[in-house]
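Let me begin by presenting the structure, written as structure tokens, before commenting on it.
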Amino acid sequence: MGGIALHAVPALMPVFPPLAVGLGVPTRLRGKKGVALTFDDGPHPQGTMAALKILDDAKVPATFFLVGEQVERWPAVAAEVAAAGHEIGLHCQRHRNLLRLTPGQFRRDLDRAAELICEATGRTPIFHRPPYGIFTGPALSIVRRRHWRPLLWSRWGRDWSAKATPRSIVVSVTRDLRDGDVLLLHDSDCYSSEGSWRRTMAALPHVLDEVGHQGLAVATVR
């Protein structure tokens, strides 16, 4: 790896997919027809509910990677996600870069998030995606020992950026799609630019249209 520090290797996975694959962290779904639509950072009382309405109208499923502290604030919204039949994943308890956490802090973060998510949704998540898509070696080992399945993404809308527009989101997340792609969007602006969820929700119907135009279906990650 040249002069790259070993602890930085897992942090490169979101921008260098072959590295993720080499470390056994999927960015795509093997042997799966269609693409998986995933949302991070919720639940959010406006963004998540808007996403649920659009998904219901289109009759397509999605996977929501929930944040424990947001579930604690909005348990009824988390419950709505589960009630609508969408897949529930675990993002974190507090949205922090794992490079700044000790293994003990990470374990406690997972414990609290899993407890809150299970209590609010009645579901035990089996998929995990860390904040910023950044794992550390110890964190990845902890996730695997719990028999959770780490998952990153292969396409993202960069909808967290203040510079994003509905059109830029659509173009970025649907470029050259193929079976097995995992699409990343955000249904909350709690950890991104203010109001970003509004741009994402403006883009979402067009994202779904483009997926269909490319001859693909939408599935959950399970």
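Structural remarks
- Taking a straight Cα-Cα cut-off under 24 Å and skipping sequence neighbours fewer than 8 places away in the same chain, the lysines within cross-link reach of LYS32 are LYS59.
- Take the Cα of ARG158, step 7 Å toward its Cβ, do the same at HIS213, and the gap between the two points is 2.0 nm.
- The Cα trace of the stretch 135-178 gives Rg and Dmax of 15.2, 41 Å, the first to one decimal, the second as a whole number.
- Relative contact order of the stretch 54-97, pairs being alpha-carbon contacts under 8 Å that are 6 or more residues apart, as %: 49 percent
- Over the stretch 67-222, relative contact order from alpha-carbon pairs under 8 Å, at least 6 apart, %: 19 percent
- Using the Cβ-Cβ distance between ASN97 and ILE126 with R0 = 22 Å, the FRET efficiency computed as 1/(1 + (r/R0)^6) comes to roughly 0.40.
- Dipole of the chain computed with +1 at Lys/Arg Cβ and -1 at Asp/Glu Cβ about the Cα centre; of ALA51, ALA202, LEU177, farthest Cα towards the positive end is LEU177.
- Rounded to 5, the percent of DSSP beta bridges in the chain classed as antiparallel: 5 percent
- 14 Å beta-carbon shell around GLN46, net charge (K/R +1, D/E -1): -1
- Comparing Cα centroids, the stretch 156-222 and the stretch 27-96 end up 13 angstrom apart.
- 16 Å Cα-Cα reach of LYS53 towards lysines, excluding residues that sit fewer than 8 places from it in its own chain: none
- Per-residue Cβ neighbour rank within 10 angstrom, fewest leading, HIS213, HIS206, HIS86: HIS213, HIS206, HIS86
Just so you know, all these numbers are worked out from the coordinates, no wet-lab data involved. Because the structure is a prediction, the values reported are computed rather than measured. Virtual Cβ from ideal backbone geometry, glycine too; neighbours counted across all protein chains shown.
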